[in-house]
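S.K.: Next up is a structure, given as structure tokens.
No value in this document is a laboratory result; all are computed from the given coordinates. Since the structure is predicted, the reported quantities are computational estimates derived from the model, not experimental observations. Here the Cβ positions follow ideal geometry from the backbone for every residue, glycine too, while neighbour counts run over all protein chains shown.
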């Protein structure tokens, strides 16, 4: 008799993904309140946010190998535990050094989520449903990103800042318990090949030109998405005469439409094998709309609609993006390859804040959108080339 709580494996992994996004958004969501609490400036807080991405980038590839070696479930449980412990530590001992430690622990935990999640999904989900499974998993993460700022501010303003950290730590521990007592699927538990079990699969097969190209694609996506997600509000207020409330409303539309775009992208990903062309087409239209937003002084409703449409299009590409990674991964090594490729996100998230912060400090808010358009255009070219390479390989 099989033991454990009978929950769909997609639900289990998506819940872990939601918790991970809540965790990594906790500090950025509370940035306006933390300087007064801790007696430090935004530069010091920015060091903590950067440290999160640096640690995540350093550990993600080794953790991808560990995921395939020791099992995705064990590694995900460890990640949830470490990330939740970091937040709880700051809730109990609120000080700047503790925040830095919490960011480092959060970065280490973040490094395991993508290799672990995608390793389980690649084994447990049938190929014909893979695009929709990836989209629902990604939707859960996007949803976690979208709901965290409001929840964090509510805890901070109605109770205190520590309560927000404590609440999100308890969320992580609750998901950890649920995940540990849930039953793996029979397909997830399929035995690995002899090469994989022995750990002898050649590393050079993992670091192919396709994988290197995908690392670059993920870095470009992080740069364009990060510019709009984290700096568009400041750019609107500083350079376009748009009030803070309208700018935040437009950003909220961007975030939520990104999440729902992911769901639609899952159906597209299952209906076609040309995932690179889907991604490049969606990004091309998003680049055009971003150019319009940057050049034209759009009235309130049009601005909200334009940014929401951009978010929707950037969400659509997520499942196709993940299918491109799966196609580039040798069978049985999905954890390693997803770990390598998602390092591109960390690279983009390390470079982006410095670049966009420099543009704002030098009173060039319009260049936020110009830079996003450049990164989107490069993504269009890179995903197109990746699709052409895959088609030639199959021919």
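S.K.: As a check on your grasp of the helix formula, calculate [θ] at 222 nm for the chain: sum -39500 (n - 2.57) over DSSP H runs of n ≥ 4, divide by the residue count, round to the nearest 500. Walk me through the numbers before you get to the answer.
M.R.: On the way: 15 runs with 325 residues, N = 395.
After summing the helix terms and dividing by the residues of the chain, the value is -28500 deg cm²/dmol.
S.K.: Work out how much length residue 271 to residue 92 would gain on full extension: take 0.36 nm times their residue separation and subtract the Cα-Cα distance, in nm to one decimal.
M.R.: So the extension gain works out to 59.5 nm.
S.K.: Gaussian network model of the chain, Cα springs within a sub-10 Å range: biggest mean-square fluctuation belongs to which of 279, 124, 57?
M.R.: 124
S.K.: Using R₀ = 35 Å, calculate the FRET efficiency as 1/(1 + (r/R₀)^6) where r is the Cβ-Cβ separation of residue 163 and residue 381; round to 0.05.
M.R.: On the way: r = 47 Å, r/R0 = 1.33.
Computed FRET efficiency for residue 163 and residue 381 comes out at 0.15.
S.K.: Ranking 316, 340 by Cβ neighbours within 10 Å, fewest first, what do you get?
M.R.: On the way: 316 30, 340 25.
In order of increasing Cβ crowding within 10 Å: 340, 316.
S.K.: If I model a spin label as a point 7 Å beyond the Cα along the Cα-Cβ vector, how far apart are those points for residue 181 and residue 244 in nm?
M.R.: Placing both labels 7 Å along Cα→Cβ, they lie 4.4 nm apart.
S.K.: Relative contact order of the chain, please, whole-number percent, based on alpha carbon pairs below 8 angstrom and at least 6 residues apart.
M.R.: Values: 665 pairs, mean separation 102.2, N = 395.
Averaging sequence separation for qualifying contacts and normalising by length gives 26 percent for the chain.
S.K.: Please give the length that would be gained between residue 44 and residue 170 if that part of the chain were fully extended, namely 0.36 nm times their separation in residues minus their C-alpha to C-alpha distance (nm, one decimal).
M.R.: Values: separation 126, 0.36 × 126 = 45.36 nm, distance 2.65 nm.
My answer for the length gained is 42.7 nm.
S.K.: I would also like to ask the following. For the residue pair residue 374 and residue 360, what label-to-label distance in nm results when each label sits 7 Å from Cα along the Cα-to-beta-carbon direction?
M.R.: Modelled inter-label distance: 1.9 nm.
S.K.: Mind checking the full-extension length gain between residue 126 and residue 37? Use 0.36 nm per residue of separation minus the Cα-Cα distance, one decimal, nm.
M.R.: Details: separation 89, 0.36 × 89 = 32.04 nm, distance 4.93 nm.
Additional length available on full extension: 27.1 nm.
S.K.: Report the label-to-label distance for residue 7 and residue 208 in nanometres (one decimal), using points 7 Å from each Cα along the Cα→Cβ vector.
M.R.: 3.5 nm
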